[in-house]
Amino acid sequence: MRILVIAEKQKIAQPFVDAMKAKGAKTNYLRILKISLVSKHKNTLIKALGEDIPKYDAVFLQARVSLAPFVEPLIEELKRKEVYVNCSPGSYFVAMNALYKFVCLALAGVKTPKTLTSGSVKNIERISKTISYPLLAKSFKGRDVQQSMVVENEKELNAFVKSIKHNIDGFMLREFIKGNMLSCAVIGEKVFAVSRKINGFVVSDLEKGVCSKPSDEESKEAIAASKACGFDIAWVDLVNGHVVKVEPGLPWKKFNKLCSENLEEYVANFFIDKINEKGAKKNAIDDIKDLSKVLSKTIFSRLLK
């Protein structure tokens, strides 16, 4: 079986390459910036120096959400070539758009805080008298968050809205749920969690968290949230069982240290299981090369000359 790890830097990818090789998978690293997509005659080709990507059984993709405009067509083409990848088409666009993300979570039945979105300042001012506080208020320009703060009453919400002097495309008001945050590394059906304190409205840094065993319900919500956004591997945050964040990128070293685990091994096992489910691709040329390497070290080496 063949697995390609695509990432922005080799130091990010190498632990996964090593873990997958240790499990017996032929694994290589490819920098994402070396990949090009060429579309012509109703067909798209994946070009990469020194790599024939479609020959691989699976791709472990690690990329920033901001690379979505490039990543999305790459994911589409990998799926079309029947190469397993750890995220579905559309997943990075969901991750980029916080407003749409919570709609996707709600439609999938994932437990989330009450969330209201609006494109109108007047509408926000009108409902400010009837909603419950505290709230996390965010303003957006396109998909980008312009301002974000926790408001504790009607006066603070209206002050937040009036403080915005430039054009805004939308607002999101989200119920602020009190309690500690549970930051989860979701790898398929496995969940590793770190508990983080929320003092006032400020979440402590991940490094200051403590490894915690998630409840069955918390694990279920974290996995469901990851899948609802199109990811098999993701970082999911929960507060009192409510999902408040889903992102494809994980700080692997920090989770490893806090959980006393080697999560790269779990990723390797997950990919190997996925490939075994559908069956590895056959590549006669590579198999002949491998056989030649073995024979070259035996008495039959002269037959290869």
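Read-outs throughout are calculated quantities, based only on the coordinates presented, and are distinct from any laboratory measurement. Just so you know, these numbers come straight off a predicted model, no measurement behind them. Counting neighbours? That spans all protein chains shown, and the Cβs are built from the backbone with ideal geometry, glycine included.
Of all DSSP-defined beta bridges confined to the stretch 2-85, some 35% are antiparallel rather than parallel. Peptides 10-19, 183-192, 266-275, 28-37 ranked from most to least packed, by the mean per-residue count of other Cβ atoms within 10 Å: 183-192, 266-275, 10-19, 28-37.
Computed per residue of the chain from DSSP H runs no shorter than four, each worth -39500 (n - 2.57), the mean residue ellipticity at 222 nm is -10500 deg cm²/dmol.
Say the cut-off is 23 Å between C-alpha atoms; which of 79/213; 9/254; 11/254 go over it? Listed pairs above 23 Å: 79/213. Placing a label point 7 Å from the Cα of residue 277 along the Cα-to-Cβ direction, the residues of the stretch 173-202 whose backbone N falls under 16 Å from that point are 186-191.
Taking loop as defined by DSSP and a crowding limit of 11 other beta carbons within 10 Å, which trypsin sites (Lys or Arg not before Pro) in the stretch 74-143 fit?
Taking the stretch 74-143 and a limit of 11 other Cβ atoms within 10 Å, the loop trypsin sites (Lys or Arg not before Pro) found are 129.
Compactness check for the stretch 103-159: Cα Rg over 2.2 N^0.38 Å is 1.20.
Taking every DSSP bridge with both residues inside the chain, close to 80 percent are antiparallel.
Whole-Hz Karplus values for the stretch 4-18 come out as 10, 9, 9, 8, 7, 9, 5, 5, 6, 7, 4, x, 6, 4, 5 Hz, taken residue by residue from phi with 6.51 cos²θ - 1.76 cosθ + 1.60 and θ = phi - 60°; glycine and proline positions read x. Classify the stretch 179-222 as rounded, prolate or oblate from the Cα gyration tensor: take a ≥ b ≥ c as the square roots of its eigenvalues, call it rounded if a/c is under 1.5, otherwise prolate when a/b beats b/c and oblate if not. Note, shape of the stretch 179-222 comes out prolate.
Computed from backbone phi, the HN-Hα couplings of the stretch 134-142 come to x, 10, 9, 9, 9, 10, 10, 10, x Hz, rounded to whole numbers (Karplus: 6.51 cos²θ - 1.76 cosθ + 1.60, θ = phi - 60°; Gly and Pro given as x).
The stretch 149-185 and the stretch 4-36 have Cα centres lying 39 Å from one another. Can you pull the percent of Cα pairs in the stretch 2-85 with separation above 15 Å? Across the stretch 2-85, Cα pairs with separations above 15 Å total 56 percent. Backbone phi angles across the stretch 117-132, fed through the Karplus curve with coefficients 6.51, -1.76 and 1.60 (θ = phi - 60°), yield HN-Hα couplings of 10, 7, x, 10, 5, 5, 5, 5, 4, 5, 8, 4, 7, 10, 8, 8 Hz in residue order; Gly and Pro are listed as x.
Spin-label model, residue 262 to residue 247: label points 7 Å out along the Cα-to-beta-carbon direction sit 2.7 nm apart. Overall shape: prolate for the stretch 42-139, with the ratio a/c of the largest to smallest alpha carbon gyration tensor axis at 1.5 or above and a/b above b/c. Rounded, prolate or oblate for the stretch 84-190? Axes are the square roots of the Cα gyration tensor eigenvalues, ordered a ≥ b ≥ c, and the cut-off for rounded is a/c under 1.5. Prolate is the answer for the stretch 84-190, as a/c is 1.5 or above and a/b outweighs b/c.
Placing pseudo-labels 7 Å out from each Cα toward the beta carbon at residue 254 and residue 31 gives an inter-label distance of 2.6 nm. Rounded to two decimals, the Cα radius of gyration of the stretch 179-269 over 2.2 N^0.38 Å is 0.99.
Note on the chain: Cα-Cα pairs beyond 36 Å make up 29% of the total pair count. Backbone amide hydrogens, once placed in the peptide plane, bring residue 60 within less than 5 Å of 4, 5, 6, excluding anything fewer than 5 places away on its chain.
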